[in-house]
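Single-structure report; data block below.
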Amino acid sequence: MLKIGLLLLVAPILVLMGAYFMELGDVRDCLLVQEGHWDYRSGVCRDTAQPFVPWIDRHPWLVNGGMLTSVAGVALCMVGLYVKRR
């Protein structure tokens, strides 16, 4: 149970960071190479200025699901540490 809890605790962090840095690479490419403005809603580079939209507004299920999965992982870790091994 402890191993599953640790997996559930760490996996969402890696998934969220991976998705975030993939998008960050596209944003940096748009700003520095193409010299445009990143449209956060549609995920494309545009010629006109675009408003910033936070990550939580664009991907609420991914963020909230990752948080819930991490909390479940903490709970399983606590149970795994509390229960005696046979």
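Numbers for the structure displayed
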quantity	calculated
Solvent-accessible area per residue for the chain (1.4 angstrom probe, square angstrom)	79
Cysteines without a disulfide-compatible partner [the chain; Cβ-Cβ under 4.7 Å]	77
Residue (of 62, 78, 45) at the positive-pole extreme of the chain, dipole from beta-carbon charges	78
Rel. contact order, % - alpha carbon contacts under 8 angstrom, at least six apart, the chain	48
Helix-only [θ]222 nm of the chain, DSSP H runs n ≥ 4, -39500 (n - 2.57) each, per residue, nearest 500	-21500 deg cm²/dmol
5 angstrom amide H check on residue 46, placed H, neighbours 5+ away	37, 38, 39
Accessible-area composition of segment 1-81, carbon plus sulfur, in percent [1.4 Å probe]	71
Angle between the chain longest axis and helix 60-82 axis [Cα atoms, degrees, rounded to 10]	20
Kirkwood Rh, Cα atoms: Rg over Rh of the chain	1.23
Most mobile of 31, 62, 76 in a GNM of the chain (Cα contacts under 10 Å)	31
Low-density loop cleavage sites - chymotrypsin sites (Phe, Trp or Tyr not before Pro) in the chain, where at most 12 other Cβ are within 10 Å (DSSP)	52
Residue-wise HN-Hα coupling along segment 43-51, computed from phi with Karplus coefficients 6.51, -1.76, 1.60 (Hz; x: Gly, Pro)	x, 10, 8, 10, 7, 9, 5, 10, x
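The values are calculated or read from the model by the stated rules, or taken from the named source; none is laboratory data. The shown structure was predicted, so the numbers you read here are calculated from the model rather than taken from an experiment. Quick reminder, even Gly has a Cβ in these numbers, built from the backbone with ideal geometry, and neighbours come from all protein chains shown. Just the protein is used for accessible areas: all its heavy atoms, side chains included, with ligands, DNA and RNA removed. Shrake-Rupley method; radii C 1.70, N 1.55, O 1.52, S 1.80 Å.
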